[in-house]
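Only one structure is covered here, and it is reproduced in the block below.
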Amino acid sequence: MTIREDLLREFCPQNALELERDLALLHRSRGGQGFEGAIARLQEFVGTGTVRRYPCATTCQGYVVPRPWNLKGGFLRVSTGEWLVPDLRMVPIGGIFLSGSSHDVERLRVVDVRAGMDAAEYTQPVEGCAVLATGRPPIVYREAVVTRGARCVITDFMVGQDTHIGRTPEELPDTVNYTSFGPEAQGEGFGFNVSHRTFRRLQDMVRKEVVEVDAFFDADAGTGDLQVLEVHVGTPGTRKPILLLAHLCHPRPGANDNASGAALLAELVRVLRTVPLEREIIALWMPEFYGTIAWLADQKPDLACAINLDMVGEDQKKTASTLEVTATPWSLPSFVPDLMAINLTSHDFRLMLTGFTWGSDHAILNDASVHVPALLLNQWPDRYYHSSDDTPDKSSVQSFEWVGRGVLDTLADLTSGIPDERAAIVASRIHAQGLADSVRHDDPLIRDWVARRTRAALLALQETADTPVVRAELAATGTAAPMPAFQRKVPVIGPIEEVWMTPDDLQWNDRLMCDFPCWYNIKAEVVNFIQLGVEREDALKLAAAEFDAPVAVAPEARHYLDLLTARGYLLP
């Protein structure tokens, strides 16, 4: 038997589904007791590992690490007795993340501020009140609580609405959505998530009469730190380790997002420990973004590549999801996403190899300053994303089996060698995609970069699978110049976050995120190109081409680079 056959025979997807059910019972907030409980449950399953702890409420590599937050209880009801949010110990998703504590039970007048994200919407005083708001909670928090002294935010905000899959408040009227205040929130106020039906009923009441609510919110600092579970499998050698990671945070239930990724990773580690791997693999469970950046800054690992498992357990018939394998960005070519996509190809499930997108921890690793090619496995869109309906019954053992076998196949390829036939398919796909991207663009700068990244991905593949077909595909790319070397232009590692932004900057950034879905991708990638020695205007052109950005993004991106330079985050 080969190692590949041993891995696939040992794999038990039912283990992942059962472990997901356990994790979904825990309210896994950063620094909370539920997160610590989830780490303990994973340790029971995977065995020996290291729990690393990093301080909350600090700045780490350009990230404002939120304060530790542990929800203990609370409720919201109309002063006449009608319950709006029952005991938060039973339904913790009803409490907005990073809320502060109330002063015992507070009786508050309710004011409807519509979206609540613009000063013009505050036509009456809200100091000491509860505001009804449909806008993004971090922005509402700044406008209502920080600026105007409101005590409480009540919202039915649903992120990522999609009429094609029935993900709208109207079609899910009794769903409670998970929301959070921004990382800068220091507990000045608190908030509740309510269903769309409850929100509309409360709005109707406020239109007719003065409405008061009794609100109680109890939260503390919990464990006081970020916890990262790190497990090493296999034998260290001359080849760089491979990183597998899955974020563990999210409210109860948070099943597909991301108890599914955390549970599947645990089962993969169990399986990998049963064979004599001649390459080191590192597994990481952490709070999304913040745990990853803290671990990278602390451990400074030298990694070959990474696979990020985020929302992998979906029953596609129930969630209307498609498994996406995200490519690495143009600034960091890799053959691994194509290899993974080939190993996952199936007639029984929906699968798509996409361009690079932000949204999870792979984005940190793909940053030019970290320079680790990282792919994301993510089921998207998902009808029940970030909601009370993200429960284990929306997962399937068949999805766990499909994704788990695809990852194990890919790990076998990267540790024991890619079969010649599979390597030929990977090479052909990389070359074909390069030709397609080149045809789409007339600009010589863009065509040159496409040729560079195509050749670089094929060269990386050749290091693992030096076959006649791979050599032929490489020869067909011509004499493209090599990828340029990294030149540090930013004083931190990882993508630049908003720690440096003023309130006006934050408002500007919030507007761009709403106006241009590609904004997060653009602003990170343009800095990546600059750190590869590309001139600013050329970097803007490349990033715009990569993400098919509208022309209106260019002046905003120039302004972003000017702001970074002025604040010392980008060397002139």
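The values are calculated or read from the model by the stated rules, or taken from the named source; none is laboratory data. As the structure is a computational prediction, the values presented were derived from the model and not from experiment. Quick reminder, even Gly has a Cβ in these numbers, built from the backbone with ideal geometry, and neighbours come from all protein chains shown.
Is at least one residue of the range 161-180 touching a residue at least 60 places away in the same chain (Cβ under 8 Å), assigned by TED's automatic domain parsing to the domain that holds Arg207, surrounded by 17 or more Cβ atoms within 10 Å (Cβ to Cβ) and of a type in the set (Phe, Trp, Tyr)? Yes. Determine, yes or no, whether Val534 is outside any helix (DSSP H, G or I), of a type in the set (A, V, I, L, M) and surrounded by 16 or more Cβ atoms within 10 Å (Cβ to Cβ). Considered against the rule, which asks whether it is outside any helix (DSSP H, G or I), of a type in the set (A, V, I, L, M) and surrounded by 16 or more Cβ atoms within 10 Å (Cβ to Cβ), Val534 comes out as yes.
Scanning the range 77-95 for residues that are touching a residue at least 24 places away in the same chain (Cβ under 8 Å) and under 23 Å from Leu26 (Cβ atoms), we see that the one that is farthest from the chain's Cα centre (by Cα) is Val85.
Please work out if Phe192 is closer than 24 Å to Arg107 by Cβ, touching a Pro at 6+ places or on another chain (Cβ under 8 Å) and not assigned by TED's automatic domain parsing to the domain that holds Thr274.
Numbers: closer than 24 Å to Arg107 by Cβ: yes; touching a Pro at 6+ places or on another chain (Cβ under 8 Å): no; not assigned by TED's automatic domain parsing to the domain that holds Thr274: yes.
The answer is no for Phe192.
Considering only the range 184-193, how many residues are out of contact with any Leu (no Cβ under 6 Å at 6 or more places or on another chain) and surrounded by 21 or more Cβ atoms within 10 Å (Cβ to Cβ)? Don't jump to the end; show me each part of the working.
Residues of the range 184-193 that are out of contact with any Leu (no Cβ under 6 Å at 6 or more places or on another chain), as a first pass: 184, 186-191, 193.
Adding the requirement that they be surrounded by 21 or more Cβ atoms within 10 Å (Cβ to Cβ) leaves 189-191, 193.
Residues in the range 184-193 being out of contact with any Leu (no Cβ under 6 Å at 6 or more places or on another chain) and surrounded by 21 or more Cβ atoms within 10 Å (Cβ to Cβ): 4 in total.
Looking at (1) within 27 Å of the chain's Cα centre (by Cα); (2) at positive phi, can you tell me which one Arg567 breaks? Unmet for Arg567, out of (1) within 27 Å of the chain's Cα centre (by Cα); (2) at positive phi: (2). Yes or no: the range 338-360 includes at least one residue that is at pLDDT 95 or above, buried (at least 24 other Cβ atoms within 10 Å of the Cβ) and within 16 Å of Asn258 (Cβ to Cβ). Yes, that holds for at least one residue. Reported count of residues in the range 408-457, each being buried (at least 20 other Cβ atoms within 10 Å of the Cβ), over 18 Å from Ala306 (Cα atoms) and among the small types (Gly, Ala, Ser), is 3. Among the residues of the range 278-285, at least one is within 15 Å of the chain's Cα centre (by Cα) and of a type outside the set (Val, Ile, Thr). If a residue has to be small (Gly, Ala, Ser) and over 27 Å from Arg30 (Cβ atoms) to count, how many in the range 267-306 make the cut? Residues flagged as small (Gly, Ala, Ser) and over 27 Å from Arg30 (Cβ atoms) within the range 267-306 amount to 1.
Among the residues of the range 200-209, are any part of a loop (DSSP other than H, G, I, E, B), loosely packed, with under 15 Cβ neighbours inside 10 Å, assigned by TED's automatic domain parsing to the domain that holds Val78 and touching a Lys or Arg at 6+ places or on another chain (Cβ under 9 Å)? The answer is no; no qualifying residue exists. Could you tell me whether the range 84-102 includes any residue that is in contact with a Cys (Cβ under 6 Å, 6 or more places away or on another chain), in the same structural domain as Thr155 (by TED's automatic domain parsing) and either under 19 Å from Val210 (Cβ atoms) or part of a loop (DSSP other than H, G, I, E, B) (or both)? No, there is no match, as no residue in the range 84-102 is in contact with a Cys (Cβ under 6 Å, 6 or more places away or on another chain), in the same structural domain as Thr155 (by TED's automatic domain parsing) and either under 19 Å from Val210 (Cβ atoms) or part of a loop (DSSP other than H, G, I, E, B) (or both).
Do we have any residue at all in the range 141-163 that's under 25 Å from the mean Cα position of the chain (by Cα) and over 28 Å from Pro287 (Cβ atoms)? Yes, the conditions are met somewhere in the range 141-163.
Could you check how many residues of the range 443-485 are assigned to a loop (DSSP other than H, G, I, E, B) and touching a residue at least 12 places away in the same chain (Cβ under 8 Å)?
Just the residues of the range 443-485 that are assigned to a loop (DSSP other than H, G, I, E, B), to begin with: 443, 465-467, 477-485.
With the extra rule that they be touching a residue at least 12 places away in the same chain (Cβ under 8 Å), the set shrinks to 443, 465, 467, 477-478, 480-485.
Within the range 443-485, residues that are assigned to a loop (DSSP other than H, G, I, E, B) and touching a residue at least 12 places away in the same chain (Cβ under 8 Å) number 11.
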